[in-house]
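Presented below is the structure to which this report refers.
Derivation of every value follows stated rules applied to the coordinates shown; laboratory data play no part. These numbers were taken from a predicted model, which means no experiment stands behind them. Heads up, the Cβs are rebuilt from the backbone with ideal geometry, glycines too, and the neighbour counts pull from every protein chain shown.
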């Protein structure tokens, strides 16, 4: 049953656009939470755009991350897992010594991609009143009428954040792939 619920979660979240989920979690989620609190005798709460944004993006990215991790675990050669079990390793020790090190090189590229997507998806949080870079850019550009300047600056900031992230992720990926043959890009 838990497996079915988790599969339903990943299927629904991956099928519905992020903007719709953000609006649904912010407005309907806040209403549902306040109704539950009132039913239990507690006062209503006001959810800020920041909290709604963190929960919404976490909810969405969690569904995609589980699929990346599932695929990475499935990429671990079954023979390694069988050998560890034959040696009598406990499930925890097997996970720590065999599965995690073997799956990491497969998981990092997908998780890195999700990190970059989440970084750009923060622009969607402007719809729930979270004052992030895109909303601040739009407000500044609207005030000064220098749309090109402000949106180019915002694009440059996103580009710098992406380039910095790629450097850090590249180092992590090289560390995780130590001892493995180098990856060649087929073109």
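Consider all pairwise Cα distances in the stretch 56-187 and report the whole-number % of them above 18 Å.
Above the 18 Å cut-off, the stretch 56-187 has 67 percent of its Cα pairs.
Per-residue ellipticity at 222 nm for the chain, helices alone: DSSP H runs ≥ 4 residues times -39500 (n - 2.57), over residue total, nearest 500 deg cm²/dmol?
Per the formula, -23500 deg cm²/dmol.
Can you pull the semi-axes for the stretch 35-79, root of five times each eigenvalue of the Cα gyration tensor, sorted largest first, whole Å?
One finds semi-axes of 38, 14, 5 Å for the stretch 35-79.
Could you give the length gained on full extension between residue 47 and residue 156, defined as 0.36 nm per residue of separation minus the Cα-Cα distance, in nm?
Extra length from residue 47 to residue 156 when fully extended: 36.1 nm.
If the convex hull of the alpha-carbon atoms of the stretch 2-130 is projected onto planes in all directions, what is the mean projected area in square nanometres?
So the mean shadow area of the Cα hull is 10.3 nm².
Please determine, in degrees from 0 to 90 and to the nearest 10, the orientation of helix 2-15 with respect to the longest principal axis defined by the Cα atoms of the chain, where the helix direction is its Cα long axis.
For 2-15 against the chain, the angle is about 50 degrees.
Nearest 10 degrees, 0 to 90: what angle lies between the long axis of helix 29-39 and the longest principal axis of the chain (Cα atoms)?
Approximately 80 degrees, to the nearest 10.
I'd like the distance between the alpha-carbon centres of the stretch 157-187 and the stretch 91-116, rounded to an integer number of Å.
Taking the Cα centre of the stretch 91-116 as reference, the centre of the stretch 157-187 is 15 Å away.
By how many degrees, between 0 and 90 and to the nearest 10, does the Cα long axis of helix 133-144 differ from the longest principal axis of the chain?
30 degrees
At 7 Å along the Cα-to-beta-carbon direction for both residue 40 and residue 16, put a label point, then send me their distance in nm to one decimal.
Spacing of the two 7 Å Cα→Cβ label points: 2.2 nm.
Mind ordering 25-32, 153-160 by average Cβ neighbours within 10 Å, highest first?
Final packing ranking: 25-32, 153-160.
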